[in-house]
Every structure is written in structure tokens, then in C-alpha cells.
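A short write-up of the structure that comes next.
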Amino acid sequence: MDAPTTTSADNGTSGGGGDWFTPRTKPTATPEDEPGTPDGRRPAVIRPVGRQTTAPETPADGKAAAPAAPTASVSTGAPDQERESPDAIPVPGPMAEPSAPSSPRPATTTVTPGPVPFASTTGPPDEPRVPPQRPGPVSPPGPAASAPAREASPDAVLVRRAMAEVSPVADKVTSYFYALLFVRHPDLRPLFPAAMDTQRDRLLRALLTAAEHIDNTDVLVDYLRNLGRGHRKYGTRAEHYPAVGECLIGALSKYAAGVWDEEMEAAWIRTYTTISQIMIDAAAADELRAPAWWYAEIVTHDLRTPDVAVITVRPDQPYPFLAGQYTSLETPWWPRIWRHYSFASAPRSDGLLSFHVKAVPAGWVSNALVHRARPGDIVRLGPPAGSMTVDHTTDSGLLCLGGGTGIAPIKALVEDVAEHGERRPVEVFYGARTDHDLYDIDTMLRLQQSHPWLSVRAIIDQLAHQQLPDAVRAYGPWNEYDAYLSGPPGMIRSGVDALRDIGIPSERIRHDSVEELVVAGS
């Protein structure tokens, strides 16, 4: 669901006639984009639940014809500037026509969300939208956040065995899954993009995350809640989950045929039932207190360099978030493509939100925002997410590493500390390839002049002949600091390694990178 379902016309509307707004004009809701109430904003009175479905028969020849492939495709470019939305239903590449399964499967196999082993952990419907500060940092799933070694549950063993079998043929699995889904459930096709090649590995990555953390309830539930809440902006409803589960198990059984049996299928049904119910519950609770998305008008567009713009928007209603978090953003020129951007300031009294956007090669959303957007244009915002927030229950120093437009959430963290009236030391390392790329250095230096507890150091690769994480080693010690990293994935990985090497515990390192909440984790 991260790519357009229709072509884009020159005027910014949907060329297929399914546009939800045009630039500089207040959008008009369309039924297919805003399920439920006409404006998509009134809370549901009845909490959605899954319903039993029966899979339609496959064609007589045993083959499911794949939808037509798009005429053109592009890469999303550098993920640190235009990040794929992890809160979307996973979208793979172009669908290949699936062949008949090696062993016939009953067409009536269903997966129905219902009572689950730890459904109570999803929390009460009135839990706060923006979580309260916790005593310690929360890292995304991955090696640094994995639970201590423990004996895996029987279902976890079977799920991981299937994933190990299908991982080498991930592309075939995802293509077969979507072909099955669209042939058996053609009514779901409009929820997905016309061009499905920008996030080819999303399904496998999500499954790997669930498989990796299936016995780590706290990590898995938090991850799935975010997915469930994020799915609302795509029009996903509770009754869609059984269809997805049915076709997922169909694809897995075909490509894990060497290890697949009734016991494994039962384990997957239980696992998927648990996963889907957590997501359904999270979406239902979220619907009671917040819209699925916010409309926001661009009020300023400041082109700092030929490819970097600082954009400020005014949401149509209050938007709650914490400094250091990010949101997903959709433009009128590419409906249903959502990309993640960090907030470039702490919450403001005027309610305005700012983002730093760098146009990257073949970046649909980033190029539209930098080169096409103007004041008066309307965009859509998803819910806030991310755990790279300041823990105000401690007085530990902050060590902040920001590379490129990754300086945006670092600036927000500095403002957050200042607004809380704290005098804890904050050390900022602002990395860039050239001095030209230090587009926001003046802002950071002004903050340094206003706050004696703040220190800002610019690290220019071409002048220092060293990467940002390496430069951090020359200062310190940092063992009493909480570390925050934001920037390209490569910088995040090397930065985490460098910080661990100099003695900062993994639990005191926070970052939201393109791999957040997936198995790669760090």
C-alpha cells in the first residue's frame, strides 16, 4: 500500500479519477479511501471483529493469473531520506503467476481472528495515544533488544523452521501470495498499489520479525500494535485479515513443502490468529480516540539547498507527538505512497509541524515535496511513531549523532530538553559529506549560543577524512550518556557499533532507522 493505485495527472490529481484531493484545494473524501463514516473521523461505536470467511476455489487449471504488471517502476532511493513505511501491509515486487501447489490444499482453509493466548496484553481501549515516558529507553527489535536466551515454544520452532525454508525464495513466496490474494479476493485489489515493486521484501521482513520475536511478548505486541494503528490509513478492516492469512498459509505451504505438515500449519494458524487479533484490537482502540490520518496544509517551503527543503505544515486538527518521533506522509501527486519523515522540532504552541526533506534519486515523495510542493498544498499525515524520545526521569547527558537530514529529530530533542528547563549536558555531532550539506548548522549554532549546556560539533567527511562515528571516539568519555542516532542506515549501523565499543550499553542507545522493528534491528 505504499505506491499509487492510479496514475498521477500533471495537475496533481489522480489520473484514474480516484483522487482524494488536488493541490491548494481542501480535499474531498472518496468512499474507497475513507472506510466507515463519510469523513473517516468519527469514532466507531462497535469494535470491529474478525469474521469467518471461506476461500474461493482456485481456477480449474490450478493457476491463479497475476494482475497486470505496471508499465514502469522506480526505486525509492536512499531510505534515510525517504523511508519505506513499516506500518503498511507488506508490498512485494511484481507478481508472478503462481503454479499449482505441489500438494493440493482444501480451498476452505481459513484463518479467523478470535481469542488469542495473550490478547489481554494489547491493553485497554483508553490507553494514551502518545505513551508516557518510561524509565529506560526502548530499542527497536533486533539483536540489541532481543530477550535473554530461552527455550523456544513448540509453535515458535515450527514457525522459524518454515521461515528458514522459504527465506531463499522470498521473491517467489511474496509474488505467489499476492497473486493468490488478488485472484481469490479481487475485492481487495483496490487497497493495494498498481506498482508493487518498491517494497519487494516487506512481507518476508514482517514475517521474520514475528518469527524472531514470537516468544518475546513485549517486543512483538508493541510492534504489532504500531502496525495495526498504521494500517488504518490504508482502509484496512478486521474482515481483511482472514483473507490475508488464508493466502499467506497457501504460499508458505507451497514453498516450504519439504517441511510442511498438519502440525506446522496448525502452528501458523495459531500464530497468525494471535498476530492479527493484536493488530485488530490496536486499530479498534485507536479509532475511538484519533483519526486514521490528518490533513495538513503546507504553510512554508524553504529550499535550503538544491535538493533539501524545510517544510512546515498546519494540521487540520491537533496532532499529538513527542520530540524525536516521526510520521508517515502522503502527497497529492502520489496517492497511497507513504514515506516516513522525522519531526524537526518539539511540539509547538501554534501546532505547526516541520520536516527536513532531501530529494533522492527516484524518490517519488521526496522529489515531490522538494521540487513540486508549494504553500497551500495539502498533504496527509499518519499517526506518530518512534521511540527515540528523551527520558525526562533521568539527568543523564545526551550524546546525539545526526547525519544529513538526520539532524532534524536531533534538533527536536535539543528543543525538548530546553523546554523542560533542564541543564543536562547535550553533545551534538552534526555529520555531512561536505560543508554544503550542513544546511541547518546556523540553527544549531544559535541553539548552542542560547543554551550553555549544549555543544555542537560539525564533522565534515571530506575535511576530517573520517566518518561521524569515528569522530565521536575522539571525545568523551560517554559511558554516562544516553545516545541518539539519526541518519542513513550505514551511519546508524556503524554508529551503534562504535558506541558499543566505547562502553555505552545497548539499552542506552536509541535510534529509528530504516530497519526499525525488523530482524536486522541494529
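The values are calculated or read from the model by the stated rules, or taken from the named source; none is laboratory data. This one's a predicted model, so the numbers in the text were calculated from it and none came from an experiment. With ideal geometry, Cβ positions are generated from the backbone for all residues, glycine too; neighbour counts draw on all protein chains shown. These accessible areas exclude ligands, DNA and RNA; they are computed on the full protein's heavy atoms, side chains included. Shrake-Rupley method; radii C 1.70, N 1.55, O 1.52, S 1.80 Å.
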- Query: Where residues in the stretch 332-346 are at pLDDT 95 or above and over 22 Å from Arg232 (Cβ atoms), which of them is surrounded by the fewest Cβ atoms within 10 Å (Cβ to Cβ)?
  - Reply: Ser345
- Query: Listed residues Asp377, Asp435, Asp416; which is at pLDDT below 95, over 20 Å from Tyr475 (Cα atoms) and of a type in the set (D, E, K, R)?
  - Reply: Asp435
- For the stretch 150-191, which residues satisfy the criterion of being of a type in the set (Asp, Glu), touching a residue at least 12 places away in the same chain (Cβ under 8 Å) and surrounded by fewer than 20 Cβ atoms within 10 Å (Cβ to Cβ)? Glu165, Asp171
- Message: Among the residues in the stretch 462-476, are any over 26 Å from Val357 (Cα atoms), of a type in the set (Ser, Thr, Tyr) and in contact (Cβ under 8 Å) with a residue 60 or more places away in the chain?
- Response: no
- Item | Of residues in the stretch 385-429 being under 20 Å from the mean Cα position of the chain (by Cα) and of a type in the set (S, T, N, Q), the one farthest from Ser450 (Cα to Cα) | Ser387
- Residue by residue through the stretch 276-304, note down the ones that are open to solvent by less than 10 Å² (accessible area, probe 1.4 Å) and of a type in the set (Ser, Thr, Tyr). Ser276
- Task: Name the residue, out of Arg304, Arg289, Arg348, that is out of contact with any helix residue (DSSP H, G or I) (no Cβ under 8 Å at 6 or more places or on another chain) and free of Cβ contacts under 8 Å to residues at least 12 places away in the same chain.
- Result: Arg348
- Item | From the options Ser387, Ser328, residue that is among the small types (Gly, Ala, Ser) and closer than 26 Å to Pro469 by Cβ | Ser387
- Heads up, the helices (runs of 4 or more DSSP H) in the stretch 409-485 (entirely inside) with at least 2 residues that are hydrophobic (A, V, I, L, M, F, W, C) and crowded, with 20+ Cβ neighbours inside 10 Å are 468-472
- Look through Tyr241, Tyr272, Tyr255 and report the one residue that is more than 22 Å from Gly386 (Cα to Cα), among the hydroxyl-bearing types (Ser, Thr, Tyr) and open to solvent by 40 Å² or more (accessible area, probe 1.4 Å). Tyr255
